Amino acid sequence: MTTQTTFPGAGALRETGKLCQLGIDVVRGSFRRPFQLREFIQQSWFIVSVTVLPTALVSIPFGAVIALQLGSLTRQIGAQSFTGAASVLAIIQQASPIVTALLIAGAGGSAICADIGSRKIREEIDAMEVLGVSPIQRLVVPRVLATMLVAVLLNGMVSVVGVLGGYFFNVIMQDGTPGAYLASFSALAQLPDLWISELKALIFGFIAGIVAAYRGLNPAGGPKGVGDAVNQAVVITFLLLFFVNFVLTTIYLQVVPAKGS
């Protein structure tokens, strides 16, 4: 008789492997036919409906806080002319994709997890597999692609709203110069800053959709298990987002030289 020993963390490693496998299956399924266009459009519209207003409302104070803090700092060191560029870089590179991803995960991702989880405990997923229908192709792929699309679009909206909010608070509340605020854009900002922001939003949307779908496909059982899966999906997504953001930012700063350097 043999006994099987498991090392500490084996369960977490196993779950990580399954999550990565689901991500690979979704990427493969995105290029297979038939593509669930109607489901994709419905899910995109649903995610937009639950995230666009909270995202717009959150982006305003984010831009204001960044502008006020940087405006105060640049005034102390005598670099008021760079307030605009610093605010825009902070909003576009960091705040915008993070805000978008958090709301996508919190609102859209939790809804996706709850929907798939309820289907799982009602054995709809098992019925689809018996009928030869791939639940990943039918349910997961359109939802993940929808989160990616909406994340990219919302990221653009957050960037615009955040920059306008920062401009308003810097010029109106801190007596900044509008011309200097706008002219400083060309001093430090460059086009790759926008590309990395959109790339972050795309990757963050993918992560949010994959984690939500994975937890929905693997609930503990019963309605309570679905609720726990939703909470776990949101927490796991938040942790992954901050880690991936750190990695992407580090790579970007090493690969793309700062303007003027």
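See the values below:
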| quantity | calculated |
| --- | --- |
| Degrees between helix 10-29 axis and first principal axis of the chain (Cα, 0 to 90, nearest 10) | 80 degrees |
| Overall dimensions of the chain by Cα: Rg and Dmax, Å | 21.5, 80 |
| Net charge over other residues, Cβ less than 15 angstrom from the Cβ of Val211 (K, R count +1; D, E count -1) | -1 |
| Orientation-averaged projected area, Cα convex hull of the stretch 16-167 (nm²) | 10.9 nm² |
| Solvent accessible area, Å² - Lys224, 1.4 Å probe, full protein context | 150 Å² |
| Per residue solvent-accessible surface (Å²) - the chain, probe of 1.4 Å | 52 Å² |
| Of Gln254, Val48, Met148, farthest towards positive along the dipole that unit charges on Lys, Arg, Asp, Glu beta carbons give the chain | Met148 |
| Sulfur and carbon atoms: percent of accessible area, the stretch 6-128 [1.4 Å] | 67 percent |
| Helix axis angle, 110-121 relative to the chain longest principal axis, alpha carbon, degrees | 0 degrees |
| Ranked order, Phe243, Phe31, Phe238, Phe40 - accessible area, probe 1.4 Å, largest first | Phe31, Phe243, Phe238, Phe40 |
| Accessible surface of Val255 - all protein chains present, 1.4 Å probe, nearest 10 Å² | 110 Å² |
| Area of Glu124 that stays accessible when all protein chains are in place (1.4 Å probe, Å², to 10) | 60 Å² |
| Lys pairs under 29 Å by Cα in the chain, provided they are eight or more residues apart or on distinct chains | 5 |
| Ellipticity estimate at 222 nm from DSSP helix runs (n ≥ 4, -39,500 (n - 2.57)) divided over the chain, nearest 500 | -25000 deg cm²/dmol |
| Positive minus negative residues near Arg33 (Lys, Arg vs Asp, Glu; Cβ under 15 Å) | +3 |
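The values are calculated or read from the model by the stated rules, or taken from the named source; none is laboratory data. Note that the structure is a prediction, hence the values are computed from the model and not measured. Using ideal geometry, Cβ is built from the backbone for each residue, glycine included, and neighbour counts are taken over all protein chains shown. SASA here: full protein model, heavy atoms, side chains in, ligands and nucleic acids out. Shrake-Rupley method; radii C 1.70, N 1.55, O 1.52, S 1.80 Å.
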